[in-house]
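Here the structure comes first, spelled out in structure tokens, and everything after it is commentary.
The values are calculated or read from the model by the stated rules, or taken from the named source; none is laboratory data. Note that the structure is a prediction, hence the values are computed from the model and not measured. Ideal geometry is used to build each Cβ from the backbone, glycine not excepted, and the neighbour counts take in all protein chains shown.
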Amino acid sequence: MDNAVDRHVFYISDGTAITAEVLGHAVMSQFPVSINSITLPFVENESRARAVKDQIDAIYQQTGVRPLVFYSIVIPEIRNIILQSEGFCQDIVQALVARCRAN
């Protein structure tokens with residue numbers, strides 16, 4: 001495999017980001033691409049969330065490829081800022097929580 005970075009992947013959380021990172025790595029291991037991983041824990045305020053959004057958007061502008069964003073963010077205002085980014089955003093926890101609540 002070539003050493004070039006095929007995808008930038010963000011692991012973002014308003015906590016430690018360990019869950020986002022572990023599950024994101026599990027997903028990415030299914031694909032034959034090299035990745036540049038960026039882990040951003042403790043995104044707990046709007047200022048930090050906007051800086052993260054800007055970082056995601058800058059990578060998209062530089063590469064023309066939407067970064068993948070695996071996130072676990074409970075705070076709605078923070079989550080909404082990240083969702084406005086140019087990244088392909090995937091919430092790794094909420095779908096599971098919703099299914100558990102339904103049962």
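Being surrounded by fewer than 16 Cβ atoms within 10 Å (Cβ to Cβ) and of a type in the set (S, T, N, Q) is the filter here, so list the residues in the stretch 64-89 that pass it.
Correct list: ASN80, GLN84.
Could you list, in sequence order, all residues of the stretch 21-63 that are part of a strand (DSSP E or B) and either buried (at least 17 other Cβ atoms within 10 Å of the Cβ) or aliphatic (A, V, I, L, M) (or both)?
The answer is ILE35, ILE38, LEU40.
When you scan the stretch 64-103, how many residues do you find that are in a helix (DSSP H, G or I), at pLDDT 95 or above and not basic (Lys, Arg)? First the steps, then the outcome.
So in the stretch 64-103, the residues in a helix (DSSP H, G or I) come out as 76-83, 94-102.
From what's left, at pLDDT 95 or above: 77-83.
Still in the list and also not basic (Lys, Arg): 77-78, 80-83.
The number of residues fulfilling the criteria is 6.
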